[in-house]
1. Only counting other Cβ atoms within 10 Å, I'd like 239, 106 sorted with the fewest neighbours first.
2. Sort 44, 337 so that the residue with the fewest other Cβ atoms within 10 Å of its own Cβ comes first and the one with the most comes last.
3. Could you pull the Rg and Dmax for the range 192-303, using just the Cα atoms, both in Å?
4. Give me 304, 120 sorted ascending by neighbouring Cβ count inside 10 Å, so fewest comes first.
5. I need the calculated FRET efficiency for the pair residue 343 and residue 65, taking r as the beta carbon distance and R₀ as 30 Å, to the nearest 0.05.
6. Could you give me D for the range 121-175, from Stokes-Einstein at 37 °C and 0.692 mPa s, where the hydrodynamic radius is the Kirkwood radius over C-alpha pairs? Units µm² s⁻¹, please.
């Protein structure tokens with residue numbers, strides 16, 4: 001509930017921010033609220049529903065709603081910006097957030113409390129520094145080249161911060177991320193798949209939005225409407241993934257779904273969005289279908305890889321991995337796009353996205369022996 005309250009308050013501040021600095025500060029606060037809200041909501045679902053079939057259905061619905069929200073963002077956001085200005089994309093969160101707060105207070109049962117854990121500010125600091133350094137290095141490399149001194153300095157800062165994070169987490173009494181969990185193949189593989197998934201999907205959504213508006217001079221609402229095939233594919237994919245999940249478990253959905261999404265990204269690279277018509281809708285729909293199929297599987301597989309008492313930690317890691325992947329995807333694919341945006345830059349961005357999604361499929365496939373337990377768990381559904 002705290003995360004939702006922070007997110008709603010930050011949205012109000014964003015909608016009224018008088019300067020870019022205050023907008024950035026408010027956006028950072030909004031990010032903190034989202035970081036508190038997303039993993040805890042999944043953990044609450046996992047703890048509140050014990051019966052396997054209902055639990056699988058609930059987690060699939062949760063994951064599907066998130067996937068559709070990502071796809072609908074450009075559509076609804078473009079319409080709001082064109083009709084009411086950019087402040088409206090933040091103001092629209094206020095009634096939704098207030099309704100969510102009321103529903104949480106009214107209907108959500110109190111969850112059991114685990115043992116109190118200490119904060120890990122040093123580990124958190126290293127994690128933030130590593131992600132910030134990598135993002136800046138990628139953006140700068142796209143502007144002036146990978147051999148630029150600032151790009152190399154950012155890459156070095158990333159390596160040093162990552163090493164500091166690993167050392168810190170291995171020494172502190174209450175690490176934010178117990179490294180021993182990565183010895184579980186389902187845990188580590190799902191985290192890697194989640195990161196690669198968002199590198200490809202978030203990165204493509206970002207460069208497509210820019211490509212539609214800059215290369216074809218479309219309005220924000222038209223650019224948003226061009227995402228409808230992907231939105232429809234996600235809707236069908238999440239529904240299909242939820243049904244297949246009950247019979248086959250998460251493993252093969254992660255393999256097949258990411259492979260299908262990679263094929264869609266390759267299709268975009270060949271088209272290079274030079275045709276705004278039915279032909280463009282095909283790869284967009286394929287991407288949505290593949291990505292949607294994997295979304296419920298990722299959430300369930302990360303929860304199945306740990307004890308229920310650690311579901312909050314597991315869902316937090318998946319969310320952190322996916323958000324980190326989104327930041328990397330936007331920075332990396334955006335740097336390839338070029339300034340000004342070019343068709344050649346777009347093509348390279350789609351190739352990289354396809355590679356990230358194909359690698360996610362390979363990572364899932366390489367752990368072919370991991371899902372034996374999960375398959376037995378889901379065979380009775």
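Just so you know, all these numbers are worked out from the coordinates, no wet-lab data involved. Computed from a prediction, not measured in an experiment: that's the story for all the values here. Positions of Cβ are backbone-derived with ideal geometry, glycine not excepted, and every protein chain shown enters the neighbour counts.
1. Numbers: 239 16, 106 7.
Fewest-to-most ranking of 239, 106: 106, 239.
2. Numbers: 44 18, 337 23.
In increasing order of surrounding Cβ atoms, one gets 44, 337.
3. Taking only Cα atoms of the range 192-303, I get Rg and Dmax of 14.4, 46 Å.
4. Numbers: 304 23, 120 19.
Sorted ascending by nearby Cβ count, the order is 120, 304.
5. Values: r = 34 Å, r/R0 = 1.15.
According to the calculation, E is roughly 0.30.
6. Values: Rh = 11.5 Å.
This corresponds to a translational diffusion coefficient of 287 µm²/s.
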